[in-house]
Amino acid sequence: MNLMASSSNQIMARTGPKRVASIGDLPSELLLIIFSIVHSSNVTPEIDWEDPSVQKQVGQDEPFRSDANFPYSISLVCHTWLKVMSLVPKFWTRLVIFIDQDYPAPLKDQLEWSKNLPFEILCTKRVPDVVHPMEGRNIQACISDLAAHLSRCTNLFLIDIQYTSTLPSVITDLTADAASLQTLRLECREVDGRKSISTWSAELARFSCPSLSRLSLDGANFMSAFVSKTFDLQRITHFAVAHYCAAVRGTAFPTDILLDALSQMLQLTYLVIEDIDFSQIEASRSVALPLLQSLFLISLPKPMELLNCIETEHDVFCGIYLSDCHPPVTHGMDNMTIPITEFLHLVNINYSDSDVDIPSISLFGWDARRFRIERSDTVSDIVQTLGHDINGQYAMEALYGITIIDCPTLSIPVLRETIAIRSTLSQPIEDLLLGGDLPLSEEDIQFFYDHVPVFDWWPEGDRYPE
């Protein structure tokens, strides 16, 4: 025993005190195995097109603003882990750059680490509602770093940018070959004074993206791109155009330009038009969109005139979404034809001094199977029209589902009357979902349970269903 103790003391003397191993002692080979497992099981899927433009207010893009995303969750732990991560190109094929922090962010390094692999990139703000003073400069630096790699980029997102003037121009800033680009989204929150570029100079390299199928632009960029024939619109399946202010630009957005562009998009299935000051629409003008399924009209003064221009070959529209518009009346619009719609969604539909008389605020002419209305002071008048007939005909005779969210002015007696009347029709209301602060008595709740097979109510503060 004394001999063994003596030997142990001699070893300790030579090697020093025993040290506890840490994660920093793991060999690179083992780290790569661990990181590869994390990559295969936890990589956040690519950003869904149907997210930011309309639905970003519900926070669906929040995961992309988090450092918990791969590869950043691992590469930020320590320099050793970053060095190991940089050895694997596939780890750097989905990049997120925040333009509301000090630039340069390590974008150049990340692009080089991805080698020759296709990649997608999201440039956005970590805090969407705060204007960063260096936003414009940071975006320019980001686009400059991307220029040499655009041929490998499959999806390019610049979203939640504050001003149109800080978005890159598809004419002067994006002038490289982007053969792999499938999605381009240049989206801002508001218009400022940048003037649109209406002509393309032969001295500029044309932005070439023959694989592009999903396109979202601000109004000025879109006008420039259309006049300059930057994009092959025949391949476009998803299209959004937003923000064009006539007071800032000095002239209204030519409706003919939009309709001429749409007439080329024969593969279009998804369309968003938001906050555009259009010129007068010719009553005889129409555009055929045979495959269109989902239509979003947001912050438009006369959405029904635009809707009346669209022709589709579908028997049933998947969905029509109207937000921050005047009430969707068909009164006074001769030959107004609205397609049958699986889902009609109204948000923030309110009266204004220029609206027609309240009795004409109705859904006659509409034919939807499911109806949802949110944050709208017109809710009682609209609901009331669902229970009134004209010559024995009711609005939305195929309607079976109603959802009403955050409409405190809703008249419960009006809703009860409408539900009772619809219960006598061949298609009664089968689903009634209410959300928000409403004066529902126990008698009201029992009435709805008795007359609607599926009834639920989420009081204020509860999470509402999508």
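The values are calculated or read from the model by the stated rules, or taken from the named source; none is laboratory data. These figures come from a predicted structure and were not determined experimentally. A quick note on method: Cβ atoms are made from the backbone with ideal geometry, for glycine too, and the neighbour counts reach across all protein chains shown.
Here is a check on your reading of the model: is residue 415 under 19 Å from residue 322 (Cβ atoms), modelled with pLDDT of 90 or more and either touching a helix residue (DSSP H, G or I) at 6+ places or on another chain (Cβ under 8 Å) or part of a helix (DSSP H, G or I) (or both)?
Considered against the rule, which asks whether it is under 19 Å from residue 322 (Cβ atoms), modelled with pLDDT of 90 or more and either touching a helix residue (DSSP H, G or I) at 6+ places or on another chain (Cβ under 8 Å) or part of a helix (DSSP H, G or I) (or both), residue 415 comes out as no.
Looking at 261, 246, 240, which one is of a type in the set (A, V, I, L, M), over 16 Å from residue 312 (Cβ atoms) and touching a strand residue (DSSP E or B) at 6+ places or on another chain (Cβ under 6 Å)?
Unique residue meeting the criteria: 240.
Condition first: of a type in the set (S, T, N, Q), touching a Phe, Trp or Tyr at 6+ places or on another chain (Cβ under 7 Å), over 21 Å from residue 347 (Cβ atoms) and assigned to a loop (DSSP other than H, G, I, E, B). Can you find one or more residues in segment 418-435 that meet it?
Yes.
Would you check which residues across segment 147-167 are modelled with pLDDT under 90, over 16 Å from residue 220 (Cα atoms) and over 20 Å from the mean Cα position of the chain (by Cα) and list them?
147, 148
Can you tell me how many residues in segment 206-226 are closer than 12 Å to residue 186 by Cα, at pLDDT 90 or above and either in contact with a helix residue (DSSP H, G or I) (Cβ under 7 Å, 6 or more places away or on another chain) or not in a helix (DSSP H, G or I) (or both)?
5
With the requirement that a residue be charged (D, E, K, R) and either buried (at least 18 other Cβ atoms within 10 Å of the Cβ) or under 25 Å from residue 348 (Cβ atoms) (or both), what does segment 250-280 give you?
274, 275, 277
Please determine whether any residue of segment 349-362 is surrounded by fewer than 17 Cβ atoms within 10 Å (Cβ to Cβ), within 20 Å of residue 429 (Cα to Cα) and modelled with pLDDT under 80.
No, segment 349-362 contains no residue that is surrounded by fewer than 17 Cβ atoms within 10 Å (Cβ to Cβ), within 20 Å of residue 429 (Cα to Cα) and modelled with pLDDT under 80.
Here are 211, 216: which of them is small (Gly, Ala, Ser), farther than 17 Å from residue 280 by Cα and surrounded by fewer than 21 Cβ atoms within 10 Å (Cβ to Cβ)?
Every option except 211 fails the conditions.
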